[in-house]
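Take a look at the structure set out below.
All of the numbers you see were taken from the coordinates with simple rules; none came from a lab. Bear in mind the structure is a predicted one, so any value in this text is a computation, not a measurement. Note: ideal-geometry Cβ built from the backbone for every residue, glycine included; neighbour counts use all protein chains shown.
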Amino acid sequence: MTPLADIAAAVRDCVVAAWVDTRTGEVCERVVADARHDPAFIATALDVATEVMRSRERPPRMVLLSPHHVHIVQRLARDPHRVLVVVCARSANLGLAVALVRSFTDAGAEAA
Amino acid sequence: MRAAVQVMHVLERVPSAASGALVRARPDGSLAGALLVERGRVCWAMSQRSRRLTDILVAEQDSLSRAELAAVVAMCTRDRRPFGETLIERGLISLPVLHRALLRHTCEALDCLVRDDAESWAWRAHSGYGYHPMLTFSPAELLAGVRALAHPMLAAQARDRLREVVRPGQLGFAMERAAGARLPLAQIGCECVDLAALGDLAAQAADMMAVASVAGVAVALAELDAGGACASWNEGNVSFVVLCDGDLAFNRLLAQMAMVSAVATSA
């Protein structure tokens, strides 16, 4: 299992986990955990996360809440252009999902 | 909106933490009005064209009679006593009512002053202090107050919503979503935040929500550099921003916003 697949498995009701490059908008790596979701929804979610974090003046961590989903977006400390995006269903424990993504980027992701 | 922008420009003329008066005269040399400032906070504004404080006090509190107020005014003038503090001392009004009436009076006077056909403002410094700090006003309070004069219903709704959401120790403000309207319409706890910082927060929140709404996002939360957290969302024609500080600020705000997002709009 790749580290990204680990975080996708750890976050309950995860839809997608991805590394994106905010300079180019490139999705460097992606794990779709719930294939029932519309690919267009996933593509839009990753685009929005990239756009929101494009400016380096933006905060290192953001959570976006929609009626049915949570978008957790976190910048990598050693490379601020590299951003981890995790989208999960609103049914998940929000605080736990955010904590998991944070610990993943703080520790394991450094090796990714 | 134009009056609020002009009031903002007037407030920006006050030197930081200074005490004195901004005075506005008419072309014939008569006084149009003035704005009194102590340690950077506005304590009083007067305009020849605005309502008197006693009229506002009577409107704010039914139990106050004009005769009672006239007697207190006469006594305060004779004995050189502060009017507001004397009203409280005599049990005629409460501090929140006096604060609200003074803020309303100052905002109405400012609104009249910026519309007055008068000449530019002149700053006159002084070093005398006399106003109780609780009865002085920050730029954010004044701007929200002036905006509320033009949009009383919208401002009242925004203030009620902020009271529901903003918890002790947090601060929040609301703005209209119309173009060029990024001035506070209502605020809670923003007394110590300068206007430039409020403007930056408002601009960042508007930008974030504009991008995030593409994915149906209703609430955006961000971790701030100093360990604090900021949440922004839209409800109808109004944008809201709430700031939280201290331990676990982000997690606390996240739990709060999970409930807010049920009524927030992504469009």
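Mind putting a number on the dipole of the range B:1-135 about its Cα centre? Charges go on the C-beta only, +1 for Lys and Arg and -1 for Asp and Glu, and I need it in Debye to the nearest 20.
Dipole of the range B:1-135, to the nearest 20 debye: 160 debye.
How many partner chain Cβ atoms sit within 10 Å of a residue's Cβ in peptide B:207-213, on average, as a whole number?
5
Need one word for chain A: rounded, prolate or oblate. Basis is the Cα gyration tensor (sqrt eigenvalues a ≥ b ≥ c); a/c below 1.5 gives rounded, then a/b vs b/c decides. Don't skip to the answer; put the middle values down first.
Numbers: a/c = 1.36, a/b = 1.19, b/c = 1.14.
Here chain A falls in the rounded category.
Mind checking the mean number of beta-carbon atoms from other chains within 10 Å of the Cβ atoms in A:64-75? Let's see the in-between values first.
Numbers: counts 15, 17, 10, 7, 1, 3, 4, 5, 1, 3, 1, 1.
What the average comes to for A:64-75 is 6.
For the range A:18-112, what relative contact order do you get, as a whole percent, if you take Cα pairs closer than 8 Å and at least 6 residues apart?
RCO, the range A:18-112: 25 percent.
If amide H atoms are built 1.01 Å from N in the plane of the peptide, which residues on other chains or at least 5 residues away come under 5 Å of the amide H of B:Gly236?
B:Thr265
Which value, in debye to the nearest 20, describes the size of the charge dipole of chain B about its Cα centre when Lys and Arg Cβ atoms bear +1, Asp and Glu Cβ atoms bear -1, and nothing else is charged?
Charge dipole, chain B, about its Cα centre: 640 debye, nearest 20.
Per-residue Cβ counts within 10 Å, from other chains only, averaged over B:240-253: what number is that?
Details: counts 0, 0, 0, 0, 0, 0, 0, 0, 1, 0, 7, 4, 1, 1.
For peptide B:240-253, the averaged partner shielding equals 1.
Convert 4 °C to kelvin, take the viscosity as 1.567 mPa s, use the Kirkwood radius over C-alpha pairs of the range B:158-267 as Rh, and evaluate the Stokes-Einstein diffusion coefficient in µm²/s, rounded to a whole number.
Details: Rh = 13.7 Å.
D, rounded to a whole number, is 94 µm²/s.
Rg over Rh of the protein assembly as shown, using C-alpha atoms and the Kirkwood radius, what does it come to?
Across the protein assembly as shown, the Cα-based Rg/Rh ratio is 1.10.
Can you give me the angle between helix B:2-12 and the longest principal axis of chain B, using Cα atoms only, in degrees from 0 to 90, rounded to the nearest 10?
Between the helix axis and the principal axis of chain B, the angle is about 80 degrees.
How big is the equivalent ellipsoid of chain B along its three axes, where each semi-axis is √(5λ) from the Cα gyration tensor, reported in whole Å from largest to smallest?
36, 21, 17
Between rounded, prolate and oblate, where does the range B:112-203 land on the alpha carbon gyration tensor, with a ≥ b ≥ c its root eigenvalues, rounded for a/c under 1.5, else prolate if a/b exceeds b/c? Before the final figure, lay out the partial values.
On the way: a/c = 1.91, a/b = 1.33, b/c = 1.43.
Since a/c reaches 1.5 but b/c is at least a/b, the shape of the range B:112-203 is classed as oblate.
For q values of 0.12, 0.13, 0.20, 0.26 Å⁻¹, compute log₁₀ I(q)/I(0) with the Debye formula on a Cα-only model of the range B:42-129, without solvent.
-0.43, -0.50, -1.03, -1.34
Residue by residue, what Karplus-based ³J(HN,Hα) values in Hz, rounded to whole numbers, does the range B:166-173 have, using 6.51, -1.76 and 1.60 with θ = phi - 60° and x for Gly and Pro?
6, 9, x, x, 9, 9, x, 8
Report the longest stretch of chain A that contains none of the GluC sites (Glu not before Pro) sitting in a DSSP loop with at most 16 other Cβ atoms within 10 Å.
A:58-112
Determine the calculated [θ] at 222 nm for chain B from helices alone, applying -39500 (n - 2.57) to every DSSP H run no shorter than 4 residues and normalising by the residue count; nearest 500 deg cm²/dmol.
-14000 deg cm²/dmol
With a cap of 16 neighbouring Cβ atoms within 10 Å, and only residues DSSP puts in a loop, list the trypsin sites (Lys or Arg not before Pro) found in the range B:1-107.
Here the sparse-neighbourhood loop sites are B:Arg13, B:Arg39, B:Arg49, B:Arg51, B:Arg52, B:Arg80, B:Arg90.
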